[in-house]
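All remarks here apply to the structure that follows.
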Amino acid sequence: MIAKDTFKKIIIVFITALILYPLAGMFVCKTSGGGPDGHVFAAEEKETVAPGITYRKNIIDKGGKKQAIYELEFDLAKSEFELESVFGQDCMYKKETVSSMARRKNAIAAVNGAFFSKTGAPLGMLVHQGKIVKEPILGRTVFGVTDDNEFFFDNPRFDARFFYQKSPADKVSYIELDGINRAAHDDEVIIFTSEYGNKTRTSSKNSIEIVVVDEKVTAIGVKNSVIPPEGYVIHAGGIMAFELQRVAIGNIAYMELYVNPVWEKAKFAVGGGPRLLSAGKVTVEAKAEKFKSDVVSGRAPRTAVGITADKKIIMVCVDGRQKNSAGMTLKELANYMKKTGAVDAMNLDGGGSTTFFLMGKVLNSPSDGRERPVSQALVIKPKDNITKELTASIGENSVLK
């Protein structure tokens, strides 16, 4: 027989447990058990770091190989933060660490973004402040955000033309463009905008460069032309230079880019690839997007971005090339993104570039042993109409302390 006082104590403890147990899961949750594709979850940490922003860290084991995974879920509709694409040193061809870019933007979180060349130039399509500033390549996947904060993935093709005529009454001539804001190869026509820098940095004498401001040709040169802040320069090399010899100062000139209608609303976009998920299905499009073995083969540190069915953003970084984290194959990464609830996702630059920044710190372990300066990052920063200094509380039991 249980005494009345003891029975009351048991009831109080039971009710207290019922109330506190669900709340505890809002802050830190450590679990173990089976997962998809034979993964065994050794541990999980979870914390809401700000309204609409949830951080998780998973340590999983597959066939004796551990993988350390850092994950951020971002619900724009419930947050005072927004997603933005940032260039290293605010220039398309310079590099900077992810943590430095994040701090410059007063960001709460950030991951590395686009692939880039040895010179620091980002690879793949880029949209910056509503302008297409780098053309898509090889039909690779691009992640974009519209003015209405709609998130999407696309595999755009580049189709652009430069038009010119002496007067409105005269015949219009045009020439097809090969690229935007990149080094020009022989017989190519490239457009240079102010995002590229102050000058075209071209050196070929067998070329022509046409400076356009407010749909008027204002200057004609041969190489290394000054790029006007409110205009652009058309560079034509080799045999293509002959095509533009009829252009004269004072001519009417304009460009047209032919892309999917969604790009007309894009405020920024970042190229990456290959595509990992499409409409909820695993579809690693490495061959179709013409990626080489250095990206496709084996386990490696990885970074990915995805979208859930209810329009949340998922950003994931996986450590690799380390004793305590072997990294992931692209297929493993795709399956993991599906587990997070993403229905569409793509791979971003990885290897030594993989960096996960949160609340003022780099949480992952970059495989170079230190942060690698990169060309571009995705950051979550206070919305433009919020001027107060970033403050996000961290509790006593926070996994981030």
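The values are calculated or read from the model by the stated rules, or taken from the named source; none is laboratory data. Note that the coordinates shown come from a computational prediction; the quantities given were computed from them, not determined experimentally. With ideal geometry, Cβ positions are generated from the backbone for all residues, glycine too; neighbour counts draw on all protein chains shown.
Restricting to region 143-158, count the residues that are of a type outside the set (D, E, K, R) and farther than 19 Å from residue 315 by Cβ.
Matching residues across region 143-158 total 3.
From (1) touching a Leu at 6+ places or on another chain (Cβ under 7 Å); (2) assigned to a strand (DSSP E or B); (3) surrounded by fewer than 18 Cβ atoms within 10 Å (Cβ to Cβ); (4) of a type outside the set (A, V, I, L, M, F, W, C), pick out the condition that doesn't hold for residue 66.
(1)
For residue 116, work out the one condition from (1) within 18 Å of residue 237 (Cβ to Cβ); (2) touching a strand residue (DSSP E or B) at 6+ places or on another chain (Cβ under 6 Å) it doesn't fulfil.
(1)
Residues that are free of Cβ contacts under 8 Å to residues at least 12 places away in the same chain: list the strands (runs of 3 or more DSSP E) wholly contained in region 215-283 that include at least 3 such residues.
none
For region 108-131, which positions are over 15 Å from the mean Cα position of the chain (by Cα) and crowded, with 24+ Cβ neighbours inside 10 Å?
Here is the first cut: in region 108-131, the ones over 15 Å from the mean Cα position of the chain (by Cα) are 108, 117-120, 130-131.
Passing the criteria: only 108.
Residue-by-condition table, conditions (1) in a strand (DSSP E or B); (2) aliphatic (A, V, I, L, M); (3) touching a residue at least 24 places away in the same chain (Cβ under 8 Å):
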{"residue": "164", "(1), (2), (3)": "yes, no, yes"}
{"residue": "167", "(1), (2), (3)": "no, no, yes"}
{"residue": "182", "(1), (2), (3)": "no, no, yes"}
{"residue": "191", "(1), (2), (3)": "yes, yes, yes"}
{"residue": "204", "(1), (2), (3)": "no, no, yes"}
{"residue": "210", "(1), (2), (3)": "yes, yes, yes"}
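Would you mind finding the one in 362, 374 that is surrounded by 23 or more Cβ atoms within 10 Å (Cβ to Cβ) and either farther than 22 Å from residue 56 by Cβ or at pLDDT 95 or above (or both)?
Only one candidate qualifies: 374.
Working carefully through the options 305, 295, 316, 282, find the one that is at pLDDT 95 or above and surrounded by fewer than 22 Cβ atoms within 10 Å (Cβ to Cβ).
From the options 305, 295, 316, 282, the qualifying one is 282.
For region 143-181, give me the residue count where each residue is surrounded by 14 or more Cβ atoms within 10 Å (Cβ to Cβ), out of contact with any helix residue (DSSP H, G or I) (no Cβ under 9 Å at 6 or more places or on another chain) and of a type in the set (A, V, I, L, M).
3
Quick check on residue 95: is it at pLDDT 95 or above, of a type outside the set (Phe, Trp, Tyr), in contact with a helix residue (DSSP H, G or I) (Cβ under 9 Å, 6 or more places away or on another chain) and over 19 Å from residue 360 (Cα atoms)?
Yes.
Being more than 23 Å from residue 351 (Cα to Cα) and not β-branched (Val, Ile, Thr) is the requirement here; does residue 89 meet it?
no
From the list 252, 208, 227, which one is closer than 19 Å to residue 160 by Cβ, in contact with a Leu (Cβ under 7 Å, 6 or more places away or on another chain) and modelled with pLDDT of 95 or more? Walk me through it before giving the result.
On the way: 252 fails: in contact with a Leu (Cβ under 7 Å, 6 or more places away or on another chain); 227 fails: in contact with a Leu (Cβ under 7 Å, 6 or more places away or on another chain).
Criteria check complete, one pass: 208.
Of the conditions (1) modelled with pLDDT of 95 or more; (2) in a loop (DSSP other than H, G, I, E, B); (3) not aliphatic (A, V, I, L, M), residue 287 clears all except one; give me its number.
Against the list (1) modelled with pLDDT of 95 or more; (2) in a loop (DSSP other than H, G, I, E, B); (3) not aliphatic (A, V, I, L, M), residue 287 comes up short only on (1).
Mind listing whichever residues of region 182-200 are of a type in the set (S, T, N, Q) and either surrounded by fewer than 22 Cβ atoms within 10 Å (Cβ to Cβ) or at pLDDT below 95 (or both)? Steps first, answer last, please.
The first filter runs over region 182-200 and keeps only residues of a type in the set (S, T, N, Q), leaving 193-194, 198, 200.
If the condition is that a residue be of a type in the set (S, T, N, Q) and either surrounded by fewer than 22 Cβ atoms within 10 Å (Cβ to Cβ) or at pLDDT below 95 (or both), then 193, 194, 198 are the ones that fit.
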